[in-house]
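Taking it in order: structure first as structure tokens, then the write-up.
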Amino acid sequence: MGHMQRTEYAEMDGIEQMIRQSSPPPIRTDKIMDRIEQMEWTSSLPFHRKPSILKRTLFAASAAVILGVGMVGVGYVSPTMAEALKKVPVIGLLFYEASEDAVQKAIERGIISTPNVSDTHDGITLKVTEVLFDGTRLSFRIEREGKDLPQYLASPYVEGFSNEERVALYNKFYETNKSMAESFGTPDEKQERGYIRSPEVLINGEPIKSSGQLSSYMMDDKPMYMLEFRHVATLPDEFELTVRTKVTQVKETYELKIPVKVENRAMILKPNATKSDGKFSYTVKQLDISPVSTRIVLDSKGPVPASAEQTGDYHASRMYYEIVDDQGRVLRPSKLIYTPVLPTTEYHLNDWYAPAGMKSKSITIKPYNFTISNKDFKIKRTNKEDFGDRTYWKNLEMTIQIPQSK
């Protein structure tokens, strides 16, 4: 995903300033801004107006998480693999860079399943159609059925305000930003029927101890709604997943219970290996490997190294990390985000990449950074089709061996 332009940051700053100037006394500005940040994983608001920069940015952020690996560089898919992916059309996107054996093993091991558990109230049905759990990540997709429903699934109405607060927010924002007025200020009784509110997720009857990331967007004219939890290593191999949620203009609560069971969960390596160059160093804390993906956790410290080109009118960006397996396969990251600010001296990376080959015996981490203009903070691009020109630091490369299962 490309980086934010400065105009987009200006609009975010303008929104916060508008809130500070116009919010009625009982409503705290930080409360409203927290709600905006929580919208990062939802789709653009589906009101029938030209999308604002804020909404386009939020939409791009949500889509990148789910589509970043699967939709970039999709190549040939054999009939056998295509048939397997039909069963999991959305979660299956994550497997486009995996082998057919990997996909089949993931299905056999229970890493991905299609429970099709549903609940119906007032003519609207919610159904959990896909679940993915590999021991480090839990994802599930919800479908909605019914008549005369809005195009998108995720509710555009920001929760956490009383109707009295909503009326005040609507009146204050209406003249300056009608979309925000409708999102923050529409009372419950006036909200459009059929949107899915933020769900409650339970594991064996207890609230899940992980923050979730919601993605709601359109794919091939079909609305998609997926919730993902990325810090679930403490979950058992077998558990009951419960999803509770409300739908706008429906009184009853929806409850969906799904049994989850995985065999041979992700392999977790903790190399604690460090590479350094001058004052810069990074340490790989953890590497999770499964047929679904490759997860890397690392910390870096110190000022990033800079090449001769990254001086004068240019500077070096923060460090990024390319991963290649011993078969020469480059593992695509789930997202690639550049923020136009000067790099700091400490970073924590906890991210997912495409899966390594089933027979891979090692992976190599190749640190690199981008060359950034001091004038406008744009990434230097020789090829306009690329994200940006990369400067690789070979002396910082690290190879980690993958134990072979017997």
Quiz item: If you wrap a convex hull around the C-alpha atoms of the stretch 337-394 and split its volume per residue, what is the figure in Å³?
Solution: 145 Å³
Quiz prompt | When the stretch 99-212 is reduced to its Cα atoms, the Kirkwood hydrodynamic radius in Å | solution = 17.1 Å
Quiz prompt | Debye log10 I(q)/I(0) for the stretch 305-375, one point scatterer per Cα, at q = 0.17, 0.18, 0.21, 0.24 Å⁻¹ | solution = -0.73, -0.79, -0.94, -1.08
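In square nanometres, what is one fourth of the surface area of the convex hull spanned by the alpha carbons of the stretch 267-401?
8.2 nm²
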Practice problem: Please tell me which of these pairs span more than 22 angstrom C-alpha to C-alpha: Lys275/Lys359; Lys275/Lys366; Lys105/Lys361; Lys270/Lys359; Lys190/Lys246; Lys285/Lys361? | Solution: Lys275/Lys359
Quiz prompt | Total charge dipole magnitude, the stretch 267-401, about the Cα centre, Cβ charges on Lys, Arg, Asp, Glu only, Debye to nearest 20 | solution = 160 debye
Quiz prompt | Relative exposure of Trp352, Trp393, judged by other C-beta atoms within 10 Å (fewest first) | solution = Trp393, Trp352
Quiz item: In the stretch 168-292, if every C-alpha pair distance is counted and binned at 10 Å from zero, what percent goes to each bin?
Solution: 9, 24, 27, 19, 15, 5, 0
Quiz prompt | Virtual spin-label span in nm between His121 and Asn350, 7 Å along Cα→Cβ | solution = 3.2 nm
Quiz prompt | Ascending count of other beta-carbon atoms within 10 Å, so fewest first, for Thr283, Thr186, Thr253 | solution = Thr253, Thr283, Thr186
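Which pairs, out of Lys279/Lys335; Lys279/Lys378; Lys222/Lys375, put more than 31 Å between their alpha-carbon atoms? Write down the numbers at each step before the final one.
On the way: Lys279/Lys335 27 Å; Lys279/Lys378 26 Å; Lys222/Lys375 42 Å.
The pairs that break the limit, which is 31 Å between Cα atoms, are Lys222/Lys375.
Read-outs throughout are calculated quantities, based only on the coordinates presented, and are distinct from any laboratory measurement. In this text the structure is predicted, and so the values were computed from the model without any measurement. Cβ: placed from backbone, ideal geometry, glycine included. Neighbour counts: every protein chain shown.
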